[in-house]
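Peer 1: Sharing a structure below in structure tokens format, with a few things to ask.
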Amino acid sequence: MNVPKVFESEYRFCLIMWENEPASCSQLASISKERLGWSRTTTYTVIKRLCDRGIIKKDGSIVTSIFSKEEVQVSEMDELLEKKFEGSVPAFIAAFAKRQKLSQKDMEEIQNIIKSSGE
């Protein structure tokens with residue numbers, strides 16, 4: 001199943017939802033006000049948009065995800081890889097490594113991930 005596009009502000013809301021699900025709309029509105037500075041109306045609008053696009057579901061007033069955080073992140077990475085790096089993983093890694101200071105531990109972790117994904 002293809003993951004629908006999740007825009008930046010929606011993603012920030014989804015982070016809250018994933019931490020707290022299942023959660024009521026009012027609970028999510030309260031947390032969104034505290035963390036994002038959103039009004040109740042803004043939160044309810046975002047919930048409606050995400051429901052309409054099939055990213056989350058609302059049963060009564062209880063909100064849960066249809067797609068996990070990992071599924072959304074992988075979908076965004078796939079889109080970034082295609083759009084900006086023409087599908088080239090080595091080009092992406094090279095660009096990333098040039099801009100980020102990687103510790104020895106980071107490099108070992110990345111190597112382990114690459115080794116385990118080839119199995």
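Each reported figure results from applying straightforward, stated rules to the coordinates on display, with no laboratory input. Given the structure is predicted, the values throughout are model-derived calculations rather than measurements. Glycine gets a Cβ as well: all are built from the backbone with ideal geometry, and neighbour counts include every protein chain shown.
Peer 1: In a shell of Cβ-Cβ distance under 15 Å around A95, excluding A95 itself, what net charge do Lys and Arg (+1) and Asp and Glu (-1) give?
Peer 2: +3
Peer 1: Looking at the chain, how many pairs of lysines come closer than 15 Å at the Cα, when each pair is eight or more places apart or spans two chains?
Peer 2: 6
Peer 1: Can you work out ³J(HN,Hα) from phi for every residue in the stretch 88-97, in order, using Karplus 6.51 cos²θ - 1.76 cosθ + 1.60 and θ = phi - 60°, giving whole Hz and x for Gly and Pro?
Peer 2: Rounded to whole hertz, the list is 8, 5, x, 5, 4, 5, 4, 5, 5, 5.
Peer 1: What are the ³J(HN,Hα) values, in whole Hz, obtained from phi via the Karplus relation 6.51 cos²θ - 1.76 cosθ + 1.60 with θ = phi - 60°, for each residue of the stretch 66-79 in sequence order, with x given for Gly and Pro?
Peer 2: So the J values, rounded to whole Hz, are 9, 10, 6, 4, 4, 4, 5, 4, 5, 4, 5, 5, 4, 5.
Peer 1: With +1 on each Lys and Arg Cβ and -1 on each Asp and Glu Cβ, how big is the dipole of the chain about its Cα centre, in debye rounded to the nearest 20?
Peer 2: That gives a dipole near 500 debye.
Peer 1: Under 13 Å from the Cβ of I56, count the other residues' Cβ atoms, weight Lys and Arg +1, Asp and Glu -1, and hand me the total.
Peer 2: With Lys, Arg at +1 and Asp, Glu at -1, the neighbours total +1.
Peer 1: Just to confirm a number: summing +1 for Lys and Arg and -1 for Asp and Glu over residues other than T41 whose beta-carbon lies under 14 angstrom from that of T41, what do you get? Intermediate results must be reported in sequence, preceding the final value.
Peer 2: On the way: positive: K33, R40, K48, R49; negative: none.
That works out to +4.
Peer 1: Check which residues have an amide H placed less than 5 Å from S24's amide H, if you skip close sequence neighbours.
Peer 2: Correct list: V63.
Peer 1: Based only on other Cβ atoms within 10 Å, what is the fewest-to-most ordering of T64, T41?
Peer 2: With the fewest neighbours first, T64, T41 line up as T41, T64.
Peer 1: Same structure again: Out of these labelled values of Kirkwood radius over Cα pairs in Å, (1) 14.0; (2) 18.0; (3) 16.4, which was calculated from the coordinates shown here?
Peer 2: (3)
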